[in-house]
Structures are given as structure tokens and as C-alpha cells.
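Trainee: Below is a structure I'd like to ask you about.
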Amino acid sequence: MSYASHIIHHSKKLRNAPNLLRQEQALLVRFFSHDAQPSIDIRKAHRHSYVPSERARVYRSFSSTTKSLSGTFTRDVSTTMKLGNSISGSKSNKQLSCMQVQLRRGFSSDAALPPHQELGMPSLSPTMSEGNIARWLKKEGDKVSPGEVLCEVETDKATVEMESMEDGYLAKIVRGDGTQGIKVGEVIAITVEDEEDIAKFKDYTPSASGASAAPAKASPEPTPPKEEVVVEPVTSLEPKVSKPSAAAPSGDRIFASPLARKLAEEHKVPLSSIKGTGPDGSIVKADVEEYLASLGKEAPKAKGGAPAALALDYTDIPHSQIRKITASRLLLSKQTIPHYYLTVDTCVDRLMDLRGQLNALQEASGGKRLSVNDLVIKAAALALQKVPQCNSSWTDDHIRQFHNVNINVAVQTENGLFVPVVRDANKKGLSSIAEEVRQLAQKARENSLKPEDYEGGTFTVTNLGGPFGIKQFCAIINPPQSGILAVGSAEKRVVPSSGPEQYKFASFMSVTLSCDHRVIDGAIGAEWLKAFKGYIENPESMLL
């Protein structure tokens with residue numbers, strides 16, 4: 001109670017709260033909570049004898065350090081509370097489910113630090129552990145309202161807008177434009193309710209208590225590394241001590257390698273003055289070079305007068321967020337997923353004829369042209385509908401078979417590789433797929449994809465044939481999916497003819513299916529490729 005009374009004593013807003021604290025804890029929780037309705041005044045509620053139907057049980061922990069008594073008392077909105085009346089909790093979950101923004105409300109005993117809210121780096125995707133601030137759209141001192149965009153955050157997948165959750169003023173930007181590697185939950189900005197409080201946060205820096213949970217867990221761990229650092233210099237000194245203490249060879253004979261002898265003769269260095277570090281104290285080339293270096297002489301250049309080692313000219317390119325996550329996910333895929341590959345050649349003559357007819361109709365009606373990749377996406381989706389075992393993913397307890405056929409399409413951009421998703425591709429027409437792919441590809445190039453544009457895929461198609469002319473390749477599975485189709489280029493071949501002519505020309509396209517053997521057996525993968533080939537070689541069936 002001494003902690004609570006200390007806080008109540010120093011807070012302007014809780015001046016009349018002691019009686020309320022004894023009468024009803026739940027109302028005090030609603031006052032502290034950012035999730036509660038801001039229009040409720042605690043003093044008014046007390047005067048009107050507001051009593052909820054059920055008493056709340058609140059689990060809190062208070063720090064016993066002197067710093068927490070004299071400094072800022074910070075409450076995390078995400079603190080676990082077990083309430084009999086869960087109206088407030090369900091409302092907050094609904095509001096924060098889309099962005100999971102880390103919010104903290106601070107109350108201070110220092111008059112220079114009024115009540116404020118700490119905005120943490122939000123978790124904007126399931127795999128996000130840190131993010132970058134692309135740019136702030138609001139500046140310090142600006143008024144903000146719910147729904148207004150505060151800044152653009154570069155996540156592991158795309159650049160996403162971070163919106164304000166309540167009315168107030170942006171008092172302090174802790175992490176400016178271009179800041180990289182910000183952990184989820186780490187404070188990036190401060191907001192206040194009253195405009196006159198803005199100036200009080202000019203020199204504000206987040207306290208250690210406002211750090212995210214991850215750094216807090218890691219705080220007790222630095223002690224063992226410090227012990228290891230102390231040990232390392234001792235071990236590193238051992239080789240240096242062992243060199244002068246090497247045993248000298250017995251007798252007058254000095255043991256040295258032929259190369260060491262030759263090097264010593266060229267520089268007129270007596271071997272007796274060199275201590276050997278080779279087997280049984282023998283002198284090796286490195287010993288002679290080290291001795292020459294100590295005398296200030298240059299070691300000889302390599303044969304032909306060229307220097308022993310050529311300096312390489314290079315540029316270090318920093319990892320972008322999308323590059324780091326792509327590297328980690330593909331490494332995880334190759335290390336944990338047992339890949340195998342199936343390749344088939346498909347004749348695309350009838351497909352190209354149908355595409356030409358459809359494009360003529362599209363142009364006549366003012367529509368966009370269809371690409372070969374649009375037809376491939378449709379054929380892959382229908383094949384997944386026909387062989388649903390390939391539309392699945394592996395978990396430790398079961399194989400999850402999806403009822404939706406959502407196709408991710410690989411798009412290469414200057415910022416990296418993106419895989420936006422075409423949802424329910426098996427139910428959409430070719431023109432709809434073409435338009436959706438075109439819009440998603442444009443968003444990817446502009447780095448403006450939202451989480452709903454790339455999450456939820458069940459299968460991936462990647463095409464290096466049309467844009468780059470790659471004949472055939474094997475792709476890495478995009479986890480947690482179990483398959484990815486690599487599409488190569490089409491080429492003309494001479495094939496036997498059943499007509500009067502012995503031979504004819506036909507265009508064939510090679511496709512390779514990468515499968516997760518935990519989910520897709522070889523026969524199932526072959527069955528899917530057979531279905532896919534049937535749709536490609538008889539494309540009219542896709543229109544039925």
C-alpha cells in the first residue's frame with residue numbers, strides 16, 4: 001500500500017482516489033488503462049457511486065527499488081489482468097489485434113515529467129522481431145488523432161504505415177528517420193494529452209524500465225560473457241609464452257626446414273639466432289619471416305616479382321530488412337525441409353493459341369493482355385484443387401490441408417524478392433488474376449505491400465523463363481508451404497508427327513516442382529504435375 005499511496009499522493013489525476021481504491025479496484029484499473037474510454041472521469045464516477053457488477057481481480061507487480069519510487073511509474077497496457085467483467089479487455093484486443101502496437105502510460109512524481117504515453121515498435125507480421133523507421137509523417141509538436149499515420153515502418157516483408165491509436169500531441173521522436181534494427185516493443189516516440197506538456201520532453205530519453213520484454217530477459221545474461229572475456233586474454237597469452245620457452249635442439253646441430261634455411265641464407269641470418277616453433281623446436285619458414293620482421297627487413301616477394309597477397313577492392317552493402325529475412329527463411333527451409341524435385345516438359349502450342357484469342361478479345365473490350373504466367377497460376381490453382389495433398393503444410397502434430405487455394409507469385413524488385421498472394425485463385429477468372437497480379441507487382445516495386453497482400457499463401461509459383469530465358473531451375477520451398485513450382489522458358493523442338501510428315505515443330509516449357517517429402521510423397525507430386533500438365537496442354541478445360 002505504501003507504493004500505491006506514494007503514487008496517489010503525487011498524481012494530479014488521482015488526488016481523490018484513496019477512497020475509490022478501497023471501494024472498487026476495478027474502476028481504478030479502468031482509469032489507469034489506455035483501453036478504457038478516455039471520456040470517463042474517475043472523480044465523477046466516484047461521486048455518482050459507480051459500482052460494477054463484478055469485482056475485478058488485478059495482478060500487478062511493483063518494483064521495490066528506490067528509483068521506481070522517486071522516478072517514473074510506468075504501466076504497460078499489455079499487462080495481464082484477470083477481470084470478472086471482460087468488456088474492457090475484449091475491446092482492447094479488438095482494437096490492437098491488427099497492429100499490436102506496444103503502448104505504455106507513464107505517471108511521474110516529477111513535475112517536469114507529466115503523464116505521457118510511450119509508443120513502442122509494433123509487431124506488424126508474425127516473423128517480425130525488429131524493424132526500421134523509413135520516415136516520420138508527423139513531426140514533434142503535431143496534433144495526432146486516431147487513424148492518422150504517424151510514420152512508415154520497414155518490416156521484414158514490406159513498408160507499413162503505423163497509425164495513431166488516440167488523440168494527443170507528438171511530444172518526442174525517440175527514433176528518427178532511417179533508424180534501423182529497432183527491436184519490437186522498443187520505444188520510438190512519446191505522446192502527451194496536453195499541448196503545454198510537449199516542451200517538458202525536449203531532452204527526454206526512455207528509462208531502462210521502458211525497455212521491451214526481450215531485452216529485460218536478456219539483462220541477467222551479460223554476466224557469464226564478462227567472465228569469458230576475462231578468461232580469453234589468459235588463453236591468448238599462452239601461445240606467446242610458448243614460443244620463447246620452446247626447447248632448443250640438443251647438441252650443436254640446428255634443425256630447420258629447407259625453405260627456412262634458404263630464406264635465412266638469402267638474408268644472411270644465422271639460424272642459431274632464430275628460435276624454432278616447429279616439431280621438436282625445428283625452425284620453419286614462419287620463424288624466419290617473423291625474425292626478419294623484427295629486424296625491419298622485408299620478406300621476399302612471390303615468384304615472378306608479384307606481391308604475395310593482392311589487395312581486393314570491394315564495397316560493403318548493408319543488409320536490408322527484406323534481405324535479412326529472406327536469407328534466414330531460405331536457410332531454414334534448406335536445413336529443415338527435405339526437398340526433392342520433379343521436372344516435366346509441357347507442350348504450350350495450344351496454350352499460346354488460346355492466349356492469342358483471349359488477348360484479342362481483351363483488347364477489343366479495352367482490357368489488359370494476359371501473360372503466360374497468368375495461365376500458369378490458374379493451371380496450378382486448379383491442379384491444387386484436384387490434388388489437395390499438395391495444398392498442405394507440415395506441423396509437429398499433424399499435416400494441415402488447406403481448403404483455400406492461395407498462390408504466392410514471386411516478384412523481383414530493386415529492394416529484394418517479394419511474394420504477394422493471389423487468394424482463391426482457383427475460383428477467379430483469368431482476367432481477374434491478371435489484373436490482381438499486375439497490381440500486386442506494382443505495389444511490390446513501390447515497396448508498399450501490406451501484410452494482407454503477402455500473408456496466407458498455400459503454394460508458390462516463380463517464373464524465370466519468360467523474363468530471363470532460363471530453361472529450367474529448382475526453387476527453394478517457401479515455408480510453411482510444401483511446394484513451389486519453378487517455370488522455365490518455352491523453346492521450339494522437333495518432335496515426331498503422326499501425320500503425313502515425319503516430323504513437326506512444337507514449343508515445350510519445362511517446369512520443376514519442389515516438394516517437401518514430409519508432406520508430399522513422390523507419387524503425389526507426380527500426380528499433381530500430371531494434372532498441371534493436363535491443364536496447360538488442354539487450356540480450354542481451365543475455362544469450364
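Trainee: For region 181-193, enumerate the residues that are open to solvent by 70 Å² or more (accessible area, probe 1.4 Å) and either part of a loop (DSSP other than H, G, I, E, B) or modelled with pLDDT under 85 (or both).
Mentor: Of everything in region 181-193, just one residue is open to solvent by 70 Å² or more (accessible area, probe 1.4 Å) and either part of a loop (DSSP other than H, G, I, E, B) or modelled with pLDDT under 85 (or both), namely Glu193.
Trainee: Could you tell me which of the residues Gly367, Gly356 is touching a residue at least 12 places away in the same chain (Cβ under 8 Å) and more than 30 Å from Ser125 (Cβ to Cβ)?
Mentor: Testing whether each residue is touching a residue at least 12 places away in the same chain (Cβ under 8 Å) and more than 30 Å from Ser125 (Cβ to Cβ) leaves just Gly367.
Trainee: Another question, if that's okay. Among the residues of region 455-473, what is the count of those that are in contact with a strand residue (DSSP E or B) (Cβ under 6 Å, 6 or more places away or on another chain) and over 19 Å from Leu384 (Cα atoms)?
Mentor: The total comes to 6.
Trainee: Take the residues in region 108-120 that are exposed (fewer than 13 other Cβ atoms within 10 Å of the Cβ) and either in contact with a Lys or Arg (Cβ under 9 Å, 6 or more places away or on another chain) or assigned to a strand (DSSP E or B) (or both); name whichever of them is modelled with the lowest pLDDT.
Mentor: Checked region 108-120; the qualifying residue modelled with the lowest pLDDT is Ala111.
Trainee: Further, regarding this structure: State all residues of region 259-295 that are part of a helix (DSSP H, G or I) and of a type in the set (A, V, I, L, M); if no residue qualifies, say none.
Mentor: Scanning region 259-295 gives Leu259, Ala260, Leu263, Ala264, Leu271, Ala286, Val288, Leu292, Ala293, Leu295.
Trainee: I've got another one for you. Can you find a residue that is among the β-branched types (Val, Ile, Thr), open to solvent by less than 50 Å² (accessible area, probe 1.4 Å) and not in a strand (DSSP E or B) anywhere in region 464-474?
Mentor: No, region 464-474 has no match at all.
Trainee: Which residues, taken from region 432-457, are touching a helix residue (DSSP H, G or I) at 6+ places or on another chain (Cβ under 7 Å) and outside any loop (DSSP other than H, G, I, E, B)?
Mentor: Across region 432-457, the qualifying residues are Ile433, Ala434, Val437, Leu440, Lys443, Asp453.
Trainee: If you check Ser489, Ser510, Ser497, which single one turns out to be open to solvent by 20 Å² or more (accessible area, probe 1.4 Å), under 38 Å from the mean Cα position of the chain (by Cα) and among the hydroxyl-bearing types (Ser, Thr, Tyr)?
Mentor: When all the criteria are applied, what remains is Ser489.
Trainee: Report, by residue number, each residue of region 123-158 that is under 16 Å from the mean Cα position of the chain (by Cα) and of a type in the set (Gly, Ala, Ser).
Mentor: Ser123, Ser125, Ser129, Gly131, Ala134, Ala158
Trainee: Out of Gln335, Gln385, Gln357, Gln362, report the one residue that is closer than 30 Å to Val153 by Cβ, of a type in the set (S, T, N, Q) and surrounded by fewer than 18 Cβ atoms within 10 Å (Cβ to Cβ).
Mentor: Of Gln335, Gln385, Gln357, Gln362, the one residue that is closer than 30 Å to Val153 by Cβ, of a type in the set (S, T, N, Q) and surrounded by fewer than 18 Cβ atoms within 10 Å (Cβ to Cβ) is Gln335.
Trainee: Sort through Ala171, Ala158 and tell me the only one that's at pLDDT 75 or above, open to solvent by less than 30 Å² (accessible area, probe 1.4 Å) and under 18 Å from Asp197 (Cβ atoms).
Mentor: Ala171
Trainee: Tell me the residue from Ser123, Ser145 that is of a type in the set (S, T, N, Q) and surrounded by 15 or more Cβ atoms within 10 Å (Cβ to Cβ), please.
Mentor: Ser123 is the lone residue from the list that is of a type in the set (S, T, N, Q) and surrounded by 15 or more Cβ atoms within 10 Å (Cβ to Cβ).
The values are calculated or read from the model by the stated rules, or taken from the named source; none is laboratory data. Since we're looking at a predicted model, the values are computed, not measured. No Cβ is skipped: glycine too gets one built from the backbone with ideal geometry, and neighbour counts run over all protein chains shown. Remember, those area values only see protein heavy atoms, side chains included, never the ligands or the DNA or RNA. Shrake-Rupley method; radii C 1.70, N 1.55, O 1.52, S 1.80 Å.
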